[in-house]
Amino acid sequence: TTPSKTTSSPTKKTSPYKPLPTTPTTSSPPPKRKSPTKKPPTKKNTKLRPLPPTTPLSSYTPKNPTCLSNYTFVLTGVLPTLSREEAMDYIKILGGRVTSAVSSRTHYLLTGEELEDGRPVHTGSKHKKATELNKKESGSVVILKGEEELYGVVQVLD
């Protein structure tokens, strides 16, 4: 008779760590951070808002949503019925560019009746610069007095 070999079964080691779950867990994505620089609205996600009811063109919606493209605007003074932000948004939605200072690249200066500090608008530096450029370059900056004239420009360019 032959002696029988005893086979020893390998011993399984146990881990001190808990097993990972077999079902995938979903975690919420990290919150989106706001950009430190505000990007201008894109034409895809902006809609032209109707003008305030006190304006003469409140029911007017331009046929060409980019009728102010290639034009640069500067705003100064307090407008009668629009806030500065509303006027800037209106110009940008129609494709215009708004800058903070008058330069030789400025096409239109939109003015209110008086400056924020109560002085007449013609005493401000933006109005003076536009007037100076008009003398040098024969009418390079058109001065619009109030938002009614802005709406008129939109209607003519549309």
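For the set T81, T72, solvent exposure ranked by accessible area (probe 1.4 Å, protein chains only) runs largest to smallest as T81, T72.
Simple spin-label estimate for E137 and R84 gives 2.3 nm between the two label positions (7 Å along the Cα-to-Cβ direction from each Cα).
Annotation for N70 and E148: the two label points, set 7 Å from Cα along the Cα-Cβ direction, are 3.0 nm apart.
The values are calculated or read from the model by the stated rules, or taken from the named source; none is laboratory data. Computed from a predicted structure; not experimentally measured. With ideal geometry, Cβ positions are generated from the backbone for all residues, glycine too; neighbour counts draw on all protein chains shown. With ligands, DNA and RNA removed, areas are computed over all heavy atoms of the protein, side chains included. Shrake-Rupley method; radii C 1.70, N 1.55, O 1.52, S 1.80 Å.
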